[in-house]
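Working notes, beginning with the structure itself.
The values are calculated or read from the model by the stated rules, or taken from the named source; none is laboratory data. Not measured: the values here are computed from a predicted model. Note that each Cβ is placed from the backbone with ideal geometry, even for glycine, and that neighbours are counted across all protein chains shown. Just the protein is used for accessible areas: all its heavy atoms, side chains included, with ligands, DNA and RNA removed. Shrake-Rupley method; radii C 1.70, N 1.55, O 1.52, S 1.80 Å.
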Amino acid sequence: MAAHHPAHPDAPQPRTGSTRTDGTGRAGRAHRVRVVPGTEHVRVEIAGRLVAESVRPLLVYETGLPVRYYLPAQDVDLSLFEPTTTHTVCPYKGTASYWSYTGGGEVRPDVVWSYRDPIPAVAALKDHLSFYDTVADITVRRPPGPATG
């Protein structure tokens, strides 16, 4: 079992990866985002309350960032959240929309985000949500591997 703690989805990205030309003739670093269907068991709790659970996450591998888990909206108890007016723009994924946690009589602003209309390269992110580890406890269990012997 490993806990995953995502950072802000639009935080400045360290420039790593393979070298490319940025169109000006200068060498730069390629930024990559890869979305992979997963089979990990992901549980998300806020203030001890289960708010999401899925065995069909999308794993997002992005240059300079740890893997992030995006869960299908159907696997999130959206009755515990309210949409906010917060939006951020990521040139590699699109415009993120946010929700605040409102369960248990407390409000925790902008704790989960989603790309409602992601750019085509990451279209699979549509209808999936990811959580901040500063508010949510995210537990990831890897599926058992094949039997050896």
Worksheet item: Residues in segment 94-107 that are more than 13 Å from Tyr70 (Cα to Cα), modelled with pLDDT of 95 or more and of a type outside the set (S, T, N, Q): how many?
Response: 4
Discussion item. Against the conditions (1) at pLDDT below 95; (2) under 18 Å from Gly38 (Cβ atoms); (3) under 14 Å from the mean Cα position of the chain (by Cα), where does Cys90 fall short? Just the number, please.
Written reply: (2)
Worksheet item: Would you call Asp127 touching a helix residue (DSSP H, G or I) at 6+ places or on another chain (Cβ under 8 Å) and open to solvent by 50 Å² or more (accessible area, probe 1.4 Å)?
Response: yes
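Can you go through Tyr98, Tyr132, Tyr70 and tell me which one is surrounded by 15 or more Cβ atoms within 10 Å (Cβ to Cβ) and touching a Leu at 6+ places or on another chain (Cβ under 6 Å)?
Details: Tyr98 fails: touching a Leu at 6+ places or on another chain (Cβ under 6 Å); Tyr132 fails: touching a Leu at 6+ places or on another chain (Cβ under 6 Å).
Result of the check over Tyr98, Tyr132, Tyr70: Tyr70.
If you scan segment 102-115, which residues turn out to be in contact with a Lys or Arg (Cβ under 7 Å, 6 or more places away or on another chain) and surrounded by fewer than 15 Cβ atoms within 10 Å (Cβ to Cβ)? It would help to see each step written out before you state the result.
Narrowing segment 102-115 to residues in contact with a Lys or Arg (Cβ under 7 Å, 6 or more places away or on another chain): 103-104, 115.
Result: Gly104, single match.
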Worksheet item: Among the residues of segment 37-61 satisfying the criterion of being open to solvent by 10 Å² or more (accessible area, probe 1.4 Å) and small (Gly, Ala, Ser), which is nearest to Tyr132 (Cα to Cα)?
Response: Ala47
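Among the residues of segment 138-149 satisfying the criterion of being open to solvent by 90 Å² or more (accessible area, probe 1.4 Å) and not polar (S, T, N, Q), which is farthest from Pro66 (Cα to Cα)?
Going residue by residue through segment 138-149, those that are open to solvent by 90 Å² or more (accessible area, probe 1.4 Å) are 141-142, 144, 146-149.
Still in the list and also not polar (S, T, N, Q): 141-142, 144, 146-147, 149.
On the way: Arg141: 16, Arg142: 16, Pro144: 22, Pro146: 25, Ala147: 28, Gly149: 33 Å.
Among residues in segment 138-149 that are open to solvent by 90 Å² or more (accessible area, probe 1.4 Å) and not polar (S, T, N, Q), the one farthest from Pro66 (Cα to Cα) is Gly149.
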Worksheet item: Which number in (1) assigned to a strand (DSSP E or B); (2) within 14 Å of the chain's Cα centre (by Cα) marks the one condition that Glu82 misses?
Response: (2)
Worksheet entry | Only one of Gly28, Gly64 that is part of a strand (DSSP E or B), modelled with pLDDT under 95 and open to solvent by less than 60 Å² (accessible area, probe 1.4 Å) | Gly28
